[in-house]
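Presented below is the structure to which this report refers.
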Amino acid sequence: MRRWDAHQLARAAGAQLARDAARPGEGPTHATIDSRASAAGTLFVGLPGENVDGGRFAAAALAGGAWGVLIAPEHAEAALAATSAGAVLTADAPLAALQTLANSWRHELGAKVIGVTGSTGKTSTKELLLSLLSPRRMTVASQANFNTEIGLPLQILGAPSGTEVLVLEMGMRGPGQIAELARIAEPDVGVIVSIGPVHLELLGSIEAIAAAKAELIAGLAPGATAVVPAGEALLEPYLRADVETVTFGDGGDVRFLSQNSTHVEVDAQGEQLDLELNFSGAHLRQDLLAAIAAARAVGVSPGGRLELELSAGRGQRRVLAGGVMLIDDAYNANPMSMRAALDALGSTAAGGRRIAVLGDMLELGPTAEAYHREIGRYAGAVADVLVTVGPLAAAMADEFPAEHHFAADAAAAAELLPRLLHPGDVVLVKASNGIGLRLVCETLAAAAAA
């Protein structure tokens with residue numbers, strides 16, 4: 001946004017300009033909703049919350065050197081009185097103004113936009129797209145979990161001039177949320193990586209989950225591209241004749257011709273692509289097909305060496321003392337991603353035992369116990385030892401045929417694991433984020449470094 005001055009920015013946000021910036025003619029570089037992160041070049045947006053109205057911190061943001069603030073009108077007087085520096089913009093609904101501003105900047109950039117959602121795999125698909133596209137296009141992708149009605153516009157506004165492709169992860173907690181994100185981002189390509197039993201407590205059925213994810217297809221303009229799993233019957237009612245549909249996976253438009261531990265050959269709608277990979281997990285390779293389909297939709301046919309860097313807690317591997325291999329997949333979990341992580345554990349060469357540390361999968365509603373039992377059975381085919389963490393995960397042990405242990409919470413698991421591990425073991429750590437199994441990974445890493 002640097003090339004927009006305060007007057008242009010106010011118009012783009014549908015806001016009122018109460019005071020110009022300290023340096024007229026120069027705009028901010030990015031936006032934030034955290035006044036503590038406000039510094040030179042920052043637009044602080046004060047959002048009302050359940051307990052605190054962020055607009056109350058506008059003066060602190062300006063004092064910290066922020067380029068300016070976007071706040072509700074009732075906070076303008078205090079912000080103007082606090083300091084003579086910094087732009088002050090007001091809007092009755094600051095969140096709506098933030099979203100409008102992001103949509104305006106999306107059009108100003110002129111970049112191709114890829115929206116990525118799915119019950120599992122959306123983060124890895126986003127990261128795969130970044131790896132595929134960045135050598136050939138100036139690409140910006142969502143960071144961390146900035147995939148909500150607040151995080152997504154912040155990511156768009158952080159994209160610098162010259163950005164050619166925006167890859168935006170789109171999260172969902174209920175009906176209408178993907179539609180809202182699609183309105184803000186107006187994607188040229190919509191990717192639905194998977195449909196599975198996630199947020200059942202909120203949505204009630206797998207069909208409702210599919211309908212919520214399909215809001216991304218509904219939000220595409222005519223002529224855009226939808227990328228969906230081959231043979232996913234739950235999405236068929238939502239496919240559109242005026243949108244190009246590209247399928248991926250077995251029997252799809254983008255599929256594997258051959259693959260081994262380091263190389264894959266892909267048939268991408270009749271074009272053969274050869275890639276060298278630094279990962280082997282089957283779920284990541286399936287996500288790769290989705291990413292290839294989306295990359296081709298914006299004019300990039302990938303090939304050569306692909307280096308994937310996973311986000312924290314998304315399956316990174318770390319060798320600890322005694323040759324113990326830690327697979328840190330502690331960020332989140334659901335039945336689909338649990339099975340994929342267990343597959344990765346089972347395919348990992350081990351000099352010792354394969355140990356699965358599995359915690360509660362949340363938001364599964366009345367079906368929670370059945371899903372946890374099913375994961376226990378699945379784990380029995382690949383793991384030698386099971387450690388369950390939390391009351392829901394305890395049901396996994398009822399179906400696990402070998403050695404198993406119970407930990408009431410993450411702290412108990414972090415105390416147990418160092419005593420349990422033997423040299424050469426491979427240990428997978430996975431649960432819903434609310435269980436906090438990141439603590440287990442940090443404890444094991446700290447013990448290895450001591």
Summed residue charge, Cβ within 11 Å of residue 90's Cβ, Lys/Arg positive, Asp/Glu negative: -2
If you take every DSSP beta bridge fully contained in segment 1-115, what fraction is antiparallel? Give it as a percent rounded to 5. 30
Which order do the peptides 345-352, 29-36 come out in when sorted by mean C-beta neighbours inside 10 angstrom, highest first? 29-36, 345-352
Whole angstrom only: what separates the Cα centroid of segment 340-363 from the Cα centroid of segment 250-301? 25
Approximate spin-label separation residue 373-residue 412, in nm, with each point projected 7 Å along Cα-to-Cβ: 2.2
How far is helix 368-380 tilted, in degrees, relative to the longest principal axis of the Cα atoms in the chain, given as a value from 0 to 90 rounded to the nearest 10? 50
Length released on extending from residue 230 to residue 349, taking residue separation times 0.36 nm less the Cα-Cα span: 39.8 nm
Crossing angle, helix 438-449 versus the chain [Cα axis fit, 0-90 degrees, rounded to tens]: 70
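Using the Cβ atoms and a cut-off under 9 Å, what net charge is assigned to the surroundings of residue 312, where Lys and Arg are +1 and Asp and Glu are -1? Show your work: numbers first, answer last.
Details: positive: 314, 438; negative: 328.
Net charge in that neighbourhood comes out at +1.
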Hey, rough spin-label estimate for residue 446 and residue 26, points 7 angstrom out along Cα→Cβ, what's it come to in nanometres? 4.3
What angle, in degrees between 0 and 90 and rounded to the nearest 10, separates the Cα long axis of helix 410-420 from the longest principal axis of the Cα atoms of the chain? 40
If I model a spin label at residue 208 and residue 301 as a point 7 Å from the Cα along the Cα→Cβ vector, what separation in nanometres do I get? 4.5
So for segment 36-91: antiparallel DSSP bridges make up what percent, rounded to the nearest 5? 10
Using Cα pairs under 8 angstrom and six or more residues apart, how large is the relative contact order of segment 316-449, in percent? 37
Between segment 419-438 and segment 127-182, how far is it from one alpha carbon centroid to the other, in angstrom? 30
One would report the antiparallel percent of DSSP beta bridges in the chain, rounded to the nearest 5, as 25
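Throughout, read-outs are computed from the coordinates displayed, never taken from laboratory work. Computed from a predicted model, the values in this text were never measured in an experiment. In this analysis, Cβ positions are derived from the backbone assuming ideal geometry, glycine residues included, and neighbour counts consider all displayed protein chains.
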